[in-house]
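Let me begin by presenting the structure, written as structure tokens, before commenting on it.
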Amino acid sequence: MNKENLLSTYALLGYLKETSPSKAAITELYIPIVKKAMSDYASEKGMTEYKGRSLSEINLKIKTIFDIDIPLPILAKIMESIKNEINDENIFALYKDGAFIIKSYVFESIDEVIEQEKSNINRLQQDYKLYCSENGFKFDFDELKQFILIQQIELFTDRRSDLLNVDYYVPKYVSERLNNEPIFKVMSNIYLGSIIASYMEHNITDKVTEAELLLDTNFFISLIDLNTEDAHHTCNQLFSLCQQLGYRFTMLNSTVNQIRILLSNRINDFASRDFIGSVRCADVFNACIRKNLDKTGLERIKDNIQRLIEEKGIVIIQDAQIKELIEKAKRSQEYKELFQKRKNAESALNDTVAKYYVESKRGNNIREFVDVKCWFLHNSFSPYDYNYGRKIHERYLISANELLVLLWLSSPAQGEQIKINDVTRGGLASYITKYRRSKMPTRETLKVIKKRVDDAMSFGLITEKDTFNLCIRMAEGHLTQEQVDESLIPESVTNEQFAAKLKEYTSEVEVKKQKQKQDADAKIDDLNKKLEEKNSQIKSLNDRIESIEKSNYQKNKDLFVTAKMRKLTKDTWINVLLILAICALWCFNEFYKQALPTKWSIPVAIIAALATTFGTLFLRKTNFKEFFCRKGLRERFETEYDESHKQRM
């Protein structure tokens, strides 16, 4: 198996699902993949026509290229769809026995999409590598891939996943990238593609309807939004989808009591809300912080549990209806083992009765997922060992996220309102929470830590900042129950030793914060320097532009004034010539041929000369002084040019 090839195939399937119509069946996603295999198959043979003996030949090619298996019955349906699409037996012929004939035909290529998904995977790898480098973590891309593909293992195989064996910073990275759209999209495609591939290999093609879902405590708590925000969103979507598909919802009366007990315990311990809620993200206290719910509000919810159950159409199974199952459960080995593990008789008995109830209702001759008629539906973030070593249809319980994925894939028409991002985000978020829930200290331990923290703070041994850093470390699953048991809560540990150990645990957080701050400051300084350089370049460019504009303005101004002065000079010479002509005519009249008497010729000549001079002054809008003092006239023309351009600006 080529792991890199398989990962890119998962990403491709996720992309095809994302870009396909919401009502499209899962088999339709495989059409481009089968076409690619057929195209490569025909071209490799180097023939314009190739006859295949069975679909196994195409299936082998799909396995070679994409590293996935498609059940032959499903492959036959896909090939039939391709045949109908081409609709020309001279190009592609498919026979009932699985034989086929491929002639020269060019399918729409998905090679570019495949290469793009490979590039996206490399982008994810480089981003994770940079993240590890910046935070001083060991880089292991296989661990990240393993975490993203965990649900595929837990849902579709009988193997135990390695969820609890990954380092704490792997789910931390995934959590931080859920809001980074480009990186989240890559993880989403890989996650979704792996689910689709496994779903197809299990040949789950029929819709699952009219089954019974026995609800567990944690599912209902999530449904009424007293768990994480993602858990509420997932359970709410599943509940709506199951209603559309005709599922029946039931709940044991003992489960109703468990819900009331849970809420009563939180109400009685409400003083610990902030500390426990800040560490345990999947706790009722965390929901209270998120929703700004006070003690009175939580009491109101507890008092209305019966009404909330009835409003949602959930049928409560009374103890009298299953009296024999309860007695059987009390005598069972499962109850004894569960009680030994939980140290809570009511909780252990509730889950044991639920197991026997589901087994009595789930039906006979169960061979696959669609045959199951009853499930114990939970939304627990604690690992259920019962499921390990069992295939899907052999299990009696299923998580909300698992069932949502299966129903969404098998019933695309009913699930069209469910967004892909919601499914993938909810799936990844559930495993982040499951990891952290399994690693972090118990509620009882947190209470002991809280008391020791209060004592240490009263003596001035630690600060609020130390407490905050401790909460962060525990919330991320970095500080485990074993570490706490060994070094923080034993009675032999003094307040001074407790404070020293706590500071040791939290100093790493502080160092990383300081390093991140220094890195951020360095980046800001670098950006400021670059900004100053850019501003300097911009100022220099603006000065140059201004200088050029001034030069061009002055040049145009000089041209304007020069043109005006030249025109006036030309008029002056014309005026002089006219006066000379008048003088010549006067002389001709006086000394050669007297057409006018002298008493008339002199006034006429003077008037003509004055009219020529002052007429020019009037037409050019100048005065007598400017006519003879050209410096003042030049200044006026310059002022005229400046004013005209100010108006334009």
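What is the residue count in region 461-480 for residues that are part of a helix (DSSP H, G or I) and either within 11 Å of R436 (Cβ to Cβ) or of a type in the set (K, R) (or both)? It would help to see each step written out before you state the result.
Of all residues in region 461-480, those part of a helix (DSSP H, G or I) come to 464-475.
Restricting the remaining residues to those that are either within 11 Å of R436 (Cβ to Cβ) or of a type in the set (K, R) (or both) gives 465, 473-475.
Counting residues in region 461-480 that are part of a helix (DSSP H, G or I) and either within 11 Å of R436 (Cβ to Cβ) or of a type in the set (K, R) (or both) gives 4.
Condition check ((1) open to solvent by less than 30 Å² (accessible area, probe 1.4 Å); (2) at pLDDT 75 or above; (3) farther than 16 Å from I276 by Cα) across all residues:
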residue	(1), (2), (3)
S438	no, yes, no
D455	no, yes, yes
C471	yes, yes, no
A475	yes, no, no
L479	yes, no, no
- request: Those residues that are open to solvent by 10 Å² or more (accessible area, probe 1.4 Å) and in a helix (DSSP H, G or I), I need them from region 240-265; list them, please.
  value: S240, Q243, Q244, N253, S254, N257, Q258, R260, I261, L262, S264, N265
- request: Kindly establish whether K302 is in contact (Cβ under 8 Å) with a residue 40 or more places away in the chain, part of a helix (DSSP H, G or I), farther than 20 Å from T442 by Cβ and out of contact with any Ser or Thr (no Cβ under 6 Å at 6 or more places or on another chain).
  value: yes
message: Given the criteria touching a residue at least 24 places away in the same chain (Cβ under 8 Å), within 25 Å of K523 (Cβ to Cβ) and basic (K, R), does K145 qualify?
response: no
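Say whether the condition of being within 15 Å of L12 (Cβ to Cβ), in contact with a helix residue (DSSP H, G or I) (Cβ under 9 Å, 6 or more places away or on another chain), modelled with pLDDT of 90 or more and not small (G, A, S) is met by at least one residue in region 152-175.
Of all residues in region 152-175, those within 15 Å of L12 (Cβ to Cβ) come to none.
No.
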- prompt: Would region 321-337 turn up any residue that is open to solvent by 30 Å² or more (accessible area, probe 1.4 Å), under 28 Å from L404 (Cα atoms) and of a type in the set (A, V, I, L, M, F, W, C)?
  reply: no
- prompt: Among the residues of region 502-520, which ones are at pLDDT 70 or above and surrounded by fewer than 16 Cβ atoms within 10 Å (Cβ to Cβ)?
  reply: E504
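I need the full set of residues from region 86-115 which are at pLDDT 85 or above and open to solvent by 90 Å² or more (accessible area, probe 1.4 Å), in order please. Write out each step before concluding.
Of all residues in region 86-115, those at pLDDT 85 or above come to 112-115.
Selection gives E112, E115.
Table: residues versus (1) at pLDDT 80 or above; (2) surrounded by 20 or more Cβ atoms within 10 Å (Cβ to Cβ); (3) among the aliphatic types (A, V, I, L, M).
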| site | (1), (2), (3) |
| --- | --- |
| A345 | yes, no, yes |
| A354 | yes, yes, yes |
| N364 | no, no, no |
| V372 | yes, yes, yes |
| N379 | yes, yes, no |
| Y386 | no, no, no |
| A400 | yes, yes, yes |
- request: Determine whether D294 is open to solvent by 40 Å² or more (accessible area, probe 1.4 Å) and touching a helix residue (DSSP H, G or I) at 6+ places or on another chain (Cβ under 9 Å).
  value: yes
query: Taking the condition modelled with pLDDT of 80 or more and not in a loop (DSSP other than H, G, I, E, B), does I432 pass?
result: yes
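The values are calculated or read from the model by the stated rules, or taken from the named source; none is laboratory data. It should be emphasised that the depicted structure is a prediction, and the values quoted were computed from it without experimental measurement. Cβ coordinates were reconstructed from backbone atoms using ideal geometry, including for glycine residues, and neighbour counts include every protein chain displayed. Side chains are part of the model used for accessible areas, which takes the heavy atoms of the whole protein and leaves out ligands, DNA and RNA. Shrake-Rupley method; radii C 1.70, N 1.55, O 1.52, S 1.80 Å.
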